Structures are given as C-alpha cells and as structure tokens.
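Just below is one structure, and these are the notes that go with it.
The values are calculated or read from the model by the stated rules, or taken from the named source; none is laboratory data. Quantities reported herein were computed from a predicted structural model and do not represent experimental measurements. Cβ placement follows ideal geometry from the backbone for every residue including glycine, while neighbour counts extend to all protein chains displayed. The accessibility values were calculated without ligands, DNA or RNA, using every heavy atom of the protein model including side chains. Shrake-Rupley method; radii C 1.70, N 1.55, O 1.52, S 1.80 Å.
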Amino acid sequence: QVHPVESGGGLVQPGGSLRLSCAASENIFSINDAGWYRQAPGKQRELVATITSGGSTNYADAVKERFTISRDNAKNTIYLQMNILKPEDTAVYYCNAFLEDCSGYGCSGGNFWGQGTQVTVSS
C-alpha cells in the first residue's frame, strides 16, 4: 500500500536545526494536502504544521517562528525545516498526506500516515 516516507530525523543539540522530508513511497502518487504531526512519549499525537496543495500553511503555536513547512512539487516532497530546537520538541514526527494517482482514467487516492522519524533534542 502506498504511504508517505519520512526521513531526516536524528539527534541534535538544543538550538540546533534539522530538516525533515516526506515523499510518497511510489512515484506515481503525487502529494496533495499534507501535514506534519508529532508524538512525544506518554502524550497524544499533535499537529505541528500543514500545507495545502496551493501552498497555504498553518502552524501550531508552539512551533511558530521556529519551524517552516514547504513543498517542492517537482520533487513531490514535503519538508519541515526546524530551527532553534528545544528539548520539548523531542518526539516521533509523522507525515500525513493525501496521496493521489492521476496516471489512469480519473484520479484515485486517499489519506495516509507515514511510519515516523525520531527527533531527539538533547545536550
């Protein structure tokens, strides 16, 4: 089954930066609306940022002015640039995307979750 594939997580010191990427597992599918979510240990999954197919963005208050969501339609990839990282940003980050295949007669698709990438902010 097609799904988003996240990459770019890792260990970073407080104040550092990371860039996460999200691409479809099969190139035939394009990414429509998408978002990044995160889940810290013992907490519920929460919204980080979203981006529409037209490029409109929305952010959680906790990451405004520090994180930037963007898309490269030519590469069919969604990015999350994370700056001034804090220990409380430590979580598994998930990409959620509407993936669509319009290569045949009409389009088909659906909303899918990736498997997540770990981001750890620690000195």
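Brief remarks on what is shown
- Test: residue in the range 75-91 that is under 17 Å from Ser30 (Cβ atoms) and touching a Phe, Trp or Tyr at 6+ places or on another chain (Cβ under 7 Å): no
- Checked against the criterion of being within 16 Å of Phe112 (Cβ to Cβ) and in a strand (DSSP E or B), the range 52-60 has no qualifying residue.
- None of Ile78, Ile84 is at positive phi, modelled with pLDDT of 95 or more and of a type in the set (A, V, I, L, M) except Ile84.
- Filtered residue count, the range 61-70, keeping only those that are open to solvent by less than 50 Å² (accessible area, probe 1.4 Å) and not in a loop (DSSP other than H, G, I, E, B): 4
- Selected residue (criterion: nearest to Pro4 (Cα to Cα)) from residues of the range 85-111 that are open to solvent by 40 Å² or more (accessible area, probe 1.4 Å) and touching a residue at least 60 places away in the same chain (Cβ under 8 Å): Phe98
- Restricted to the range 1-41, the set of strands (runs of 3 or more DSSP E) holding at least 3 residues that are at negative phi and either surrounded by 13 or more Cβ atoms within 10 Å (Cβ to Cβ) or out of contact with any His (no Cβ under 7 Å at 6 or more places or on another chain) (or both) comprises 4-7, 18-24, 30-39.
- Extreme residue, most open to solvent (accessible area, probe 1.4 Å), among residues of the range 73-84 that are within 13 Å of the chain's Cα centre (by Cα) and of a type outside the set (Phe, Trp, Tyr): Gln81
- Among residues of the range 112-123 being assigned to a strand (DSSP E or B) and polar (S, T, N, Q), the one that is surrounded by the fewest Cβ atoms within 10 Å (Cβ to Cβ) is Gln118.
- Looking only at the range 6-33, and only at residues there that are farther than 20 Å from Asp89 by Cα and hydrophobic (A, V, I, L, M, F, W, C), the one that is farthest from the chain's Cα centre (by Cα): Ile28
- Hits in the range 42-51 (condition: part of a loop (DSSP other than H, G, I, E, B) and under 28 Å from Ser108 (Cβ atoms)): Arg45
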